[in-house]
Amino acid sequence: MKLKFNGFLVLLLVLVAQLTFAQERAVSGIVSDNAGMPLPGVSVLVKGTKSGTQTDFDGKFTIKASSSQILVFSYIGMKTQEVAASSTSLNVKLAAAAQELEGVVVTTALGIKREKKSLGYSAQTVSAEQVGTVPTGNFTNNLSGKVAGLSVTQGTNFGGSTNVVLRGFKSLLGDNQALFVVDGVPILNNNVNSLDQKSGRGGYDYGNAASDINPNNIAEINVLKGAAATALYGSRAQNGAIIITTKKGKARTDLSVEFSSSYTMSTVDRTTFPKYQQEYGEGYFGQRFSTYNGQPRSRSGDDASYGPKYDGSLVWQYDAFIPGSPNYGKQTPWKVAENGPIEFFDTGTSTINNISLNGGSEKATYRLTYANTDSRDILPNSLLSKNNFNFAGTYKFNDKLSSSFNATYVSQNTRNRNSTGYGGNQLAGFRQWWATNVDLNEQKDLYFQSRQNYTWNIKSAADITPAYWDNPYFQRYENYNNDSRQRVAANASITYDVNKNLSFTGRVGTDGFNLKTEDRIAPGSTPATLGSNANLQNLPAQPSGYALDLYNYSEQNYDFLATYKKDLTEDLNLSVLLGTNYNVQSKFSNQQMTSGGLYIPGLYTISNSVSAPALPRIVDTRKEVLGLFAQATLGYKGTYYLEGSVRRDQSSALPVDNNAYWYSAISGSVVFSNWLKDVEFINFGKFRVAYAQVGSDTDPNQLLDNYTARTPFGTPVYSFNTTAKNPNLKPQQLDNVELGLNMQFAQNRLGFDVAWFQNKAYDQILPLPVSTATGSNFNTVNAGTLTTKGFEVTLTGTPVKTDNFSWDVSVNWSNPNTKVTELAPGIENIQINTLQGGVSINAPLNQDYGQIWGTTYVLDASGNRIIGSNGAYEVSTTTDNKLGTYQADWIGGINNKFNYKNISFSFLIDMKKGGSVFSLDQYYGYGTGIYANSVGNNDLGNPIRNTLPNGGGEVLQGVMANPAYTPGGTQPQYITNTTRLDRSQSSQVLGTDPPAAAFVYDAGFVKLREVVLTYNLPSSILGSTIKGASFSVIGNNLWIIDKSLPYSDPEAGLSSGNTQGYQSGPMPTTRNISFNVKVNF
């Protein structure tokens, strides 16, 4: 008996050992699609647990499971498949979902997950790969051309801002930027650029705060375009929302390490920089030199190239009077410089390193990421350094209670951003006011030998101080600016599942940054304006000085959500959401500067001011909004969906008696493909419709008048605000309607999504002109309506798919157009901005928003341009002539991606049709004679810059007054022009400048935006430690295939905001080549 017992015991131990072994065994295999192509990124999960993994680049996976467990394989666009882990080797094929969109889940407002088929509004998903592959300092640039209805205008400023507008414009003078939301919590995207910077008068583009988002942390982006989609966020999302879901840690038995590194080289796209004429040198007055000791001297005080023709003769030039110059005291040949302004630019470089650690268990997960960016611009002495730390974690207390936490810290330091606009901008000098006989390398040598401002633009032989322009290198190394930004963003949530139907979520989010900016004017510089303090706009240009600005912006959100989901019957389900949001926005700024120069040269502090420093301008505002909201969704048979939402906000920025406003939205969708299951060719079809009404408030400090202290000269002086405040303001309103159709065909290899939308934004809060007898120039009132209409089209297709090869195509197209359909009685136009060159940006009644106005040609009754007695075009005396609008006719993008075994290749064509842009560079460059189109021969075969007696000048096309004309006679009033225009001197001297209309160009373009070639290393050569590795060569902005604007990029501008369609001294576009490596351990 004892022997039998021992035998049974041994048998039992063997069985237990076998079971234990079975539980610990590894199951491996390959996951592929129906065509046999391996699928990377497939989720492999042990059913009923949180133990899981993903397939690598070759579709391979390894996971521990017992023979009795079930493995669940899921992948977007494929049917989820469950396979028993009965074997240690499994090869699984996933079939395309019969209705691909049936099971797709997207993140909507407040971070709520929804089935995409149930949505009654437009929502377009952008993958992590689409925004994270191309290295960039601002991930929003990588959205360009990838979302229908989304206009992304990439500026060329170093570390500058990007304009992100969805479905046209909703505010005449306010913010039109889309809202950015991370893990359900809105974040800051402020632009602190000064009013002067936004008006083209000078300053720096400090970028927008969304650039702090690390694209390597993005798991997915969902773009919510209409008000019905974003109503739960309140007024801030009336411009649409970019919903970002970040990556989280995953339960796993080991630590996962992801590392990526990219190196980018940037060179100037020469088609976006001036091509200079090489026949004539410095001056405005044609063949006239100045003299020195009775010999010719270049007109070094002139900042133009309308001087004498190059002939190699010896001339006294500026460097003959600069101590230490190799040409000091010498005449040099009169010839074009060997090294022009293009030599000023370096090869820009950028290095981005990113490492993340993630792991966890069934109870807790974590993901820790660090990213470092080190960028050096094409301009000398520039640097942008950024460190980005992020931690994301989840913790499950029990089956009912769970929590999540996400925190980001960003530190960015930037040195020497490029100036923008007209004032003090070296690029404006190169593009508008330049002498082609000046050699940049000589300017470089003179600065580094002496560290003095030995400029090409000296006043005279006896006075070598700058007339208008500093030595470019002196400006970059002595008059440098710098800024530093520290940002902390965090959110935490806790969710309690009462039962399978009811759950409660509490969430708190905070986001804030401190920004410090410093600007310097070194002694010996050309006197210039300094700082962004509005109090100092009337001060004279400063001979030297220091400006310091401090900003502290923050936002807090407190949310409470209750969700209830219930299958009322087998066919009818209900989802209800109730919640509240408390939002607090704070803005603080302190702007200071010296006055009268620096007392001690080189000491840059406010206290080192020659005169008493001007009073600082301090602004401290706070706005609070309390919102209550509810949403209910009904679904019937997985075919019919109806959703309604309502929100009430109460804002401290509005009068107490009128500070509450309501939102309401209703949407519905019908998945009609469920009626057509016998039609094999149609895989999915949905019709949707949505309507929403959204209210919004305004900025704080719009209700009560205030007084501003001015710099005192004895008795303190205070000034009244020129725009009167209004205690009777009411909320702005926006009505939105949308219709859409989405279909998939041929096993989901072909699909489209088409939408029509209309936005009507009314009761705009605007400053309208009033009689100055009231003590103000403007009064803030509710007036004005913007109406936007348009279509959006998204096409997707897979023309070719074989065992080893696939070709995927996606097309995005949209044509939003915004018109001003109502203004206050007696008001015909709202001026958005006035700009250098006599032009303005406007919102005229019953016309397109964003119109460019300025002087134009005078025409006869037949539409011919009239030419005056001096041979030049007659210019209108009015400046309210419509010259175009900066709104595009349409925007679009075409992306192609090819996969062959372990190699992938993709390219994106980004397009914009129509729209207009005014070029101040061409406006002034015409008169300064720097461009290649200012020389050449005329109809007589002579140089156009010859004097008229010597056969020069040109005959412009148009008509001139007929000397034989008499009223009532037989002779026409105008005849074909034969008067020759004198081009021997600058038009600024002769008074023959063309009107502003001559310098308005088509802003359209076709660009090769992205090219990506990637090789994924086979897992067979990586070993067990490395889970995946890839190498990529990436091109960005490689080729402007087509454009009309000469010597510049049509996308270049001042900054983000409503002042678009205007250029003054923009940076050239760079062609960027990147090398990237990614390794997963």
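Evaluate the following for Thr633: is it of a type in the set (Val, Ile, Thr) and in contact with a helix residue (DSSP H, G or I) (Cβ under 9 Å, 6 or more places away or on another chain)? So Thr633 fits the description; yes.
Just the residues that are hydrophobic (A, V, I, L, M, F, W, C) and not in a strand (DSSP E or B), please, taken from region 466-498. The answer is Ala467, Trp469, Phe474, Val498. Checked across region 253-269, the condition of being modelled with pLDDT of 95 or more and either in contact with a Cys (Cβ under 9 Å, 6 or more places away or on another chain) or not in a strand (DSSP E or B) (or both) holds for at least one residue. Take the conditions (1) crowded, with 18+ Cβ neighbours inside 10 Å; (2) assigned to a strand (DSSP E or B); Leu795 misses just one of them, which is (1). Considering (1) touching a helix residue (DSSP H, G or I) at 6+ places or on another chain (Cβ under 8 Å); (2) of a type in the set (A, V, I, L, M); (3) within 30 Å of Pro527 (Cα to Cα), the lone condition that Val192 does not fulfil carries the number (1).
Only one entry in Thr455, Thr517, Thr436 is assigned to a strand (DSSP E or B) and more than 27 Å from Tyr366 (Cα to Cα), namely Thr517.
Considering every residue within region 841-852, establish whether at least one is within 29 Å of Leu741 (Cα to Cα) and assigned to a loop (DSSP other than H, G, I, E, B). Don't jump to the end; show me each part of the working.
Our first condition is that a residue be within 29 Å of Leu741 (Cα to Cα); within region 841-852, this holds for 848-849.
From what is left, the residues that are assigned to a loop (DSSP other than H, G, I, E, B) are 849.
Yes: one or more hits.
Kindly evaluate Asp56 against the criterion of being touching a Pro at 6+ places or on another chain (Cβ under 8 Å), surrounded by 14 or more Cβ atoms within 10 Å (Cβ to Cβ), closer than 30 Å to Lys801 by Cα and at pLDDT below 80.
Yes.
In this entry, Ala541 is excluded by the filter for residues that are of a type in the set (A, V, I, L, M, F, W, C) and touching a residue at least 24 places away in the same chain (Cβ under 8 Å).
Restricting attention to region 821-862, and to residues there that are more than 12 Å from Gly784 (Cα to Cα) and among the charged types (D, E, K, R), which single residue is surrounded by the most Cβ atoms within 10 Å (Cβ to Cβ)? Result: Asp848. Just wondering, is there one or more residues in region 324-332 that are surrounded by 16 or more Cβ atoms within 10 Å (Cβ to Cβ), charged (D, E, K, R) and at pLDDT 95 or above? No, every residue in region 324-332 fails to be surrounded by 16 or more Cβ atoms within 10 Å (Cβ to Cβ), charged (D, E, K, R) and at pLDDT 95 or above.
Exactly one residue among Asn779, Asn742, Asn748, Asn759 is assigned to a strand (DSSP E or B) and either over 25 Å from Gly695 (Cα atoms) or touching a Phe, Trp or Tyr at 6+ places or on another chain (Cβ under 7 Å) (or both), and that residue is Asn742.
Here the condition is being within 26 Å of Ser669 (Cα to Cα), at pLDDT 85 or above and outside the structural domain of Leu166 (by TED's automatic domain parsing); of Val126, Val104, it holds for Val126 alone.
Residue by residue through region 875-910, note down the ones that are charged (D, E, K, R) and either closer than 26 Å to Asp848 by Cβ or in contact with a Phe, Trp or Tyr (Cβ under 7 Å, 6 or more places away or on another chain) (or both).
Those that are charged (D, E, K, R) and either closer than 26 Å to Asp848 by Cβ or in contact with a Phe, Trp or Tyr (Cβ under 7 Å, 6 or more places away or on another chain) (or both): Asp880, Lys882, Asp889, Asp910.
Among the criteria (1) touching a residue at least 60 places away in the same chain (Cβ under 8 Å); (2) of a type outside the set (Lys, Arg); (3) more than 15 Å from Asp519 (Cα to Cα); (4) not in a strand (DSSP E or B), the one Ser595 does not fulfil is (3). In the set Leu561, Leu574, only one residue is surrounded by fewer than 16 Cβ atoms within 10 Å (Cβ to Cβ) and either polar (S, T, N, Q) or touching a Phe, Trp or Tyr at 6+ places or on another chain (Cβ under 9 Å) (or both); that residue is Leu574. Does Asp205 satisfy being at pLDDT below 90, out of contact with any Asp or Glu (no Cβ under 7 Å at 6 or more places or on another chain) and in the same structural domain as Ala843 (by TED's automatic domain parsing)? For Asp205, the condition - at pLDDT below 90, out of contact with any Asp or Glu (no Cβ under 7 Å at 6 or more places or on another chain) and in the same structural domain as Ala843 (by TED's automatic domain parsing) - is not met. Scanning region 46-67 for residues that are farther than 30 Å from Ile903 by Cα and not in a strand (DSSP E or B) yields Lys47, Gly48, Thr49, Lys50, Ser51, Ala65, Ser66, Ser67.
Leu110 fulfils the conditions (1) touching a Lys or Arg at 6+ places or on another chain (Cβ under 8 Å); (2) at pLDDT below 90; (3) not in a strand (DSSP E or B) except for a single criterion, (1). Checking region 399-417 against the condition returns a match, with at least one residue being in the same structural domain as Gln836 (by TED's automatic domain parsing), aliphatic (A, V, I, L, M) and in contact with a helix residue (DSSP H, G or I) (Cβ under 8 Å, 6 or more places away or on another chain). Please determine whether any residue of region 815-828 is within 30 Å of Ala95 (Cβ to Cβ) and among the aliphatic types (A, V, I, L, M). No. Being surrounded by 20 or more Cβ atoms within 10 Å (Cβ to Cβ) and either touching a strand residue (DSSP E or B) at 6+ places or on another chain (Cβ under 8 Å) or under 29 Å from Asn453 (Cα atoms) (or both) is a property that Ser313 lacks. Of all residues in region 931-978, exactly one satisfies the criterion of being more than 30 Å from Trp433 (Cβ to Cβ), of a type in the set (A, V, I, L, M), out of contact with any Phe, Trp or Tyr (no Cβ under 8 Å at 6 or more places or on another chain) and not in a loop (DSSP other than H, G, I, E, B), namely Ile975.
Contact map, region 864-884: residues that are not assigned by TED's automatic domain parsing to the domain that holds Gln836 paired with residues that are in a strand (DSSP E or B) and surrounded by fewer than 17 Cβ atoms within 10 Å (Cβ to Cβ), Cβ distance under 7 Å, separation 6+ or inter-chain. Pairs shown: Arg865/Leu859; Ile866/Leu859.
Pick from region 956-1003 the residues that are over 25 Å from Lys882 (Cβ atoms), touching a residue at least 12 places away in the same chain (Cβ under 8 Å) and of a type in the set (Ser, Thr, Tyr): which of them is surrounded by the most Cβ atoms within 10 Å (Cβ to Cβ)? The extreme case among them is Ser986. Cβ separations smaller than 7 Å between residues 6+ apart or across chains give the following pairs from region 360-387 residues that are basic (Lys, Arg) to residues that are at pLDDT 95 or above and not in a strand (DSSP E or B): Arg376/Ser382. Would you check if there is a residue in region 642-652 being outside any strand (DSSP E or B) and out of contact with any strand residue (DSSP E or B) (no Cβ under 8 Å at 6 or more places or on another chain)? No, there is no match, as no residue in region 642-652 is outside any strand (DSSP E or B) and out of contact with any strand residue (DSSP E or B) (no Cβ under 8 Å at 6 or more places or on another chain).
The values are calculated or read from the model by the stated rules, or taken from the named source; none is laboratory data. Since the structure is predicted, the reported quantities are computational estimates derived from the model, not experimental observations. All Cβ positions, even for glycine, are placed from backbone atoms using ideal geometry, and neighbour counts span all protein chains on display.
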